[in-house]
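The next block holds one structure in the form of structure tokens; read it before the comments.
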Amino acid sequence: MPFLEADLQAQLRFFPNDTADIMSAQSSVANCMLVAGRADEALPIQRRLYALSVKRRGKEKEETLMNAVNLAQTLIVTGDYAEARAFCRDQLRLARKHLGLDHRLTLRFVQKRAEAVYLDDDATGDDLEEAVQMLHDAVARCRRVFGASYPLTVQSQTMLFKAETARLRAEYDASEENVV
């Protein structure tokens, strides 16, 4: 990460008007922070990048939606599931409208929205059922568009298993409460 931070500083110093490269460098730093377990530090950077991208490019542009996926992932990692769910719902609408149902970013928003549900201890059974159904659809789309071994397909299958597990756990817990 020090290399990326040094690259960002060089970009800011020598090419202060090259906003696209500066944003790319900032995104790399934020993503590395996220992977390094520093999500709380990455979150304000991701928020700023998303807001700047909306301002410069518009909400519906692919680059902006990619920044939105990064922000959604950071919200999930920080445990802000409610905000992640609401944000992904809005972004998913935009992605479906402007990129189509089979676009990789649209499918990533489906993943992120479902992940924000199945990781949330406060999710209802209906929420979990919706997450499972969304992921079933995403897996089918990924297989059809990208193939069974494509990373997005495999990731969607893994998330589907986790969502189904969370749904079954919630059903079991509810049945145990009824027994007592």
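The values are calculated or read from the model by the stated rules, or taken from the named source; none is laboratory data. Everything numeric here is computed off the predicted structure, so don't read it as measured data. Counting neighbours? That spans all protein chains shown, and the Cβs are built from the backbone with ideal geometry, glycine included. Ligands, DNA and RNA are stripped out before the accessible areas are found, and what is left, the full protein with its side chains, is counted by its heavy atoms. Shrake-Rupley method; radii C 1.70, N 1.55, O 1.52, S 1.80 Å.
Before moving on, here are some points about what is shown:
- Count of residues meeting criterion [touching a helix residue (DSSP H, G or I) at 6+ places or on another chain (Cβ under 7 Å) and touching a residue at least 24 places away in the same chain (Cβ under 8 Å)] in region 117-145: 16
- Residue 141 fulfils the conditions (1) open to solvent by 70 Å² or more (accessible area, probe 1.4 Å); (2) more than 19 Å from residue 85 (Cα to Cα); (3) basic (Lys, Arg) except for a single criterion, (1).
- Filtered residue count, region 73-112, keeping only those that are more than 20 Å from residue 141 (Cα to Cα) and part of a helix (DSSP H, G or I): 13
- Hits in region 74-91 (condition: charged (D, E, K, R) and surrounded by fewer than 21 Cβ atoms within 10 Å (Cβ to Cβ)): 80, 83, 89, 90
- Just one residue in the set 127, 122 is over 25 Å from residue 51 (Cβ atoms), of a type in the set (Asp, Glu) and outside any loop (DSSP other than H, G, I, E, B); that residue is 127.
- When residue 172 is tested against (1) assigned to a helix (DSSP H, G or I); (2) at pLDDT 95 or above, just one condition goes unmet, and that condition is (2).
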